[in-house]
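One structure below.
What follows is calculated from the coordinates using simple rules that are stated; it is not laboratory data. These numbers come from a predicted model, not from an experiment. Backbone-built Cβ (ideal geometry, glycine too); neighbour counts: all protein chains shown.
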Protein chains: 2
Amino acid sequence: MLTERQLLILQVIIDEFISYAQPVGSRSLSKKDEITFSSATIRNEMSDLEELGFIEKTHTSSGRVPSEKGYRYYVDHLLSPQTLKSNDMLMIKSVFAERIYELEKIVQKSAKILSELTNYTAIVLGPKVKDHKLKKIQIVPISEETAIAIIVTDTGHVENKVFSLPPSFDVNEVEKMANILNDRLAGVPLMELKDKIYKEVAMLLKQHIHNYDAVIATLSDTLNLSKPEKLFFGGKTNMLSQPEFHDIDKVRSLLAMIEQEKGLYDLMKRNPAGIHVKIGRENNNSALAACSLITATYSVGPEQVGTIAILGPTRMEYSRVISLLQFITTDLTALLTKLYQKE
Amino acid sequence: MLTERQLLILQVIIDEFISYAQPVGSRSLSKKDEITFSSATIRNEMSDLEELGFIEKTHTSSGRVPSEKGYRYYVDHLLSPQTLKSNDMLMIKSVFAERIYELEKIVQKSAKILSELTNYTAIVLGPKVKDHKLKKIQIVPISEETAIAIIVTDTGHVENKVFSLPPSFDVNEVEKMANILNDRLAGVPLMELKDKIYKEVAMLLKQHIHNYDAVIATLSDTLNLSKPEKLFFGGKTNMLSQPEFHDIDKVRSLLAMIEQEKGLYDLMKRNPAGIHVKIGRENNNSALAACSLITATYSVGPEQVGTIAILGPTRMEYSRVISLLQFITTDLTALLTKLYQKE
DNA sequence: TGTTAGCACTCTTGTTTGGCGAGTGCTAAT
DNA sequence: ATTAGCACTCGCCAAACAAGAGTGCTAACA
């Protein structure tokens with residue numbers, strides 16, 4: 001177990017390093033107000049803390065730098081819940097005050113404001129479309145061979161997909177088909193669409209539509225919107241101004257991974273509710289070895305729909321970022337719930 | 001006027017610099033096959049070329065480097081039209097061979113492939129939506145106060161916008177309204193929608209719809225899709241691997257400007273047909289001082305719809321990029337014309 | 001026994017120095 | 001007009017050195 005004094009020293013070291021990105025030495029520590037004992041004492045304590053793995057040296061006679069284990073301890077035990085500056089709160093409130101109806105736009109804006117407030121990169125895993133329910137389906141032919149299927153969800157989200165009509169498909173039947181689909185499928189979660197089509201709609205279509213089998217195949221294919229949730233970003237290049245990214249190779253691999261989206265998507269998906277901090281290699285991703293990712297989930301009513309995250313250097317202002325995320329997800333959830341939780 | 005020999009030397013210097021990004025000196029030049037005279041002669045010629053402003057020294061006793069004027073002369077007079085590697089052609093052809101129906105996706109893919117083939121950044125100014133014609137308009141109420149207007153163009157593009165319904169608007173009237181709109185507005189270019197609504201549809205709506213004036217205002221506002229054309233990117237971070245961008249500050253300002261989009265949009269907009277090369281400060285943008293931008297336009301039939309561009313360092317493989325752009329815009333235009341030029 | 005002052009030692013950083021190589025400009029010979 | 005030769009310039013690199021920050025250890029102190 002760590003002594004009170006060790007905790008204090010660890011805390012001050014990390015706070016200091018977070019602020020100035022410089023290894024912190026015993027002498028400069030001893031000058032701080034919180035610290036009443038001499039540099040020699042601090043050296044002894046530091047030596048212990050190093051042995052325990054909470055801090056490290058960059059070279060034999062350098063100051064100390066927090067290790068991943070140190071950060072982990074810091075966020076788990078040492079973080080004092082900080083109240084937001086009223087300035088920040090106003091900024092966020094102003095975003096949600098605007099009358100925006102599209103879920104995606106709200107989410108997009110949240111990412112932007114977060115990145116601006118923190119100077120890190122904000123990532124939002126957009127609302128899970130699959131769980132939403134079909135409101136209306138429209139089919140618009142645009143040529144003799146192609147048509148667009150438009151799907152509107154109860155949350156105001158619109159998806160569309162162009163597909164090719166089977167040859168010799170009567171344009172008049174399109175309308176008939178759309179009617180049947182709407183009749184049968186309204187209110188069905190998008191996830192189950194494909195299933196329902198085969199189970200409930202197939203029979204009906206068979207009676208009314210020529211060329212039944214070709215249509216049904218195309219249709220279920222088209223409606224199988226297995227599109228992954230979208231990622232939204234804010235401040236993609238903010239990381240460049242962090243001193244730890246002076247090395248162009250690090251920057252390249254980091255930006256490449258952000259650009260690719262795949263890796264991030266996996267990291268953001270399947271997050272348990274609440275706020276979670278992943279430090280450095282806890283992310284299991286070599287490009288993020290020097291980064292921490294703080295994720296938070298937001299919901300519509302009881303249903304968790306997405307994740308919002310901040311990606312920064314391991315030397316991140318954990319306290320502030322966590323407060324911000326807390327605040328913004330609460331607001332976001334409240335707004336979305338108000339907007340989309342009618343029934 | 002430059003002599004034959006000076007032209008030759010200028011050309012070889014630039015070719016060499018483009019390949020290796022190193023200042024080129026007289027001795028290494030004299031070893032090239034094309035060059036039959038001694039390094040001393042070359043030094044004299046170089047001295048003249050420098051005086052004329054085509055090349056520069058990085059320091060008193062360094063090799064020479066092309067100046068912007070040098071590059072300009074090079075692309076204007078010295079570029080030998082190069083045929084593409086069959087490999088490259090195959091890559092491009094394969095993109096256009098796939099059956100994709102959405103204009104945006106095709107455009108997006110073009111950007112991707114271009115950036116991969118060149119290792120520069122590809123930027124595409126997406127198809128001008130405004131010139132496209134209304135195919136169908138749908139209105140889907142999603143709550144008591146809001147509805148989604150969905151607009152489908154003849155090119156298969158779908159736009160949607162959520163808007164608030166006037167209070168006490170009868171949901172049944174939505175359908176009636178949609179019918180009237182479709183009846184009257186099908187085939188109208190999006191640009192003229194707003195106009196037509198007031199001129200032709202207003203009267204009709206007045207007869208059939210309660211609360212006429214509130215609706216008409218909301219409607220014309222909603223349909224005024226003055227969205228600017230979208231920009232698509234490929235290889236945003238490719239620039240990082242160019243040796244001239246080892247300096248993190250240059251990278252930052254460049255990426256910031258790419259991220260912002262506004263500046264690039266202005267550069268890409270209003271391009272006369274054909275291929276154009278802007279070198280370094282010709283772009284009038286400090287972040288692009290070390291970059292060249294090569295733009296090319298693509299069309300649907302006779303109607304120019306968008307611009308596709310490559311952004312690279314001034315030390316760019318002009319010849320190859322120009323050939324690639326030529327090839328890809330030709331193919332793109334052909335494909336789009338075939339798909340969307342029905343009438 | 002916990003704390004601290006003092007000191008030798010280590011390592012980084014910045015500066016200077018000298019040598020090497022690539023390149024130039026000039027001059028004189030061809 | 002071309003070229004060989006030569007002195008000179010500069011960037012680059014490695015070695016040498018001083019200064020500064022920081023450490024670990026020891027011995028003295030409360």
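Brief remarks on what is shown
- Seen against the Cα atoms of chain B and their longest principal axis, helix B:86-97 is set at about 0 degrees.
- Neighbour-count order for A:Arg27, A:Arg315, fewest beta carbons within 10 angstrom listed first: A:Arg27, A:Arg315
- Using a Förster distance of 30 Å, the FRET efficiency for B:Gln22-B:Ala273 (Cβ separation, nearest 0.05): 0.20
- Ascending list, in nanometres, of distances separating the A:Tyr20 label from those of the other copies (7 Å, Cα toward Cβ): 4.7
- Rotationally averaged projected area of the stretch A:245-337 (alpha carbon convex hull; nm²): 6.1
- Rounded to the nearest 20 debye, dipole of the protein assembly as shown from Cβ charges on Lys, Arg, Asp, Glu: 180
- Judged by the ratio a/c of the largest to the smallest principal axis of the C-alpha gyration tensor, the stretch B:134-223 counts as oblate, that ratio being 1.5 or greater while a/b is no larger than b/c.
- Computed over the protein assembly as shown, the Cα gyration tensor eigenvalues convert (square root of 5λ each) into semi-axes of 49, 43, 21 Å, ordered from largest to smallest.
- Label-to-label distance, nm, for residues given as B:Asn172 and B:Asp249 (7 Å Cα→Cβ offset): 7.1
- Among A:Ile308, A:Ile113, the ranking by other beta carbons within 10 Å of each residue's beta carbon, starting with the fewest, stands as A:Ile113, A:Ile308.
- Computed from the C-beta positions of B:Gln6 and A:Lys85 and an R0 of 56 Å, the FRET efficiency is 0.30 to the nearest 0.05.
- Tensor-based shape of chain B (alpha-carbon gyration tensor, a/c under 1.5 rounded, otherwise prolate or oblate): prolate
- Long-range HN-HN contacts of B:Thr146 with modeled amide H, under 5 Å: B:Leu165
- The same position B:Thr146 in the other copies lies at 3.0 nm from this copy, comparing label points 7 Å beyond Cα toward the beta-carbon, shortest first.
- In this rough spin-label picture, where each label sits 7 Å from Cα along the Cβ direction, the A:Asp183-B:Lys199 distance is 4.2 nm.
- The other copies place their A:Asn119 label points at 3.4 nm from this one, listed shortest first, where each point is 7 Å from Cα along Cα→Cβ.
- Take the Cβ atoms of B:Asn284 and B:Asp76, set R0 to 30 Å, and the FRET efficiency comes out at 0.95.
- Each label was represented as a point 7 Å from its Cα along the Cα-to-Cβ direction; for A:Asp213 and A:Thr146 these points are 2.7 nm apart.
- Total formal charge among the other residues, if their Cβ is under 11 angstrom from that of A:Ile42, Lys/Arg +1 and Asp/Glu -1: +4
- Backbone amide hydrogens, once placed in the peptide plane, bring A:Leu231 within less than 5 Å of A:Gly126, excluding anything fewer than 5 places away on its chain.
- Overall dimensions of the stretch A:141-288 by Cα: Rg and Dmax, Å: 22.3, 68
- In degrees, nearest ten, helix A:318-340 long axis to first principal axis of chain A (Cα): 20
- Whole-Hz Karplus values for the stretch B:27-41 come out as 5, 5, 4, 5, 7, 5, 4, 4, 9, 9, 10, 7, 5, 5, 4 Hz, taken residue by residue from phi with 6.51 cos²θ - 1.76 cosθ + 1.60 and θ = phi - 60°; glycine and proline positions read x.
- Amide H contacts of A:Ile308 (H built 1.01 Å from N, under 5 Å, at least 5 apart or other chain): A:Leu125, A:Ala296, A:Thr297, A:Tyr298
- Ranking of B:Arg184, A:Arg270 by neighbouring Cβ atoms within 10 Å, starting from the fewest: A:Arg270, B:Arg184.
- Dipole-positive endmost among B:Phe37, A:Ser299, B:Val321 within the protein assembly as shown (Cβ charges, Cα centre): B:Phe37
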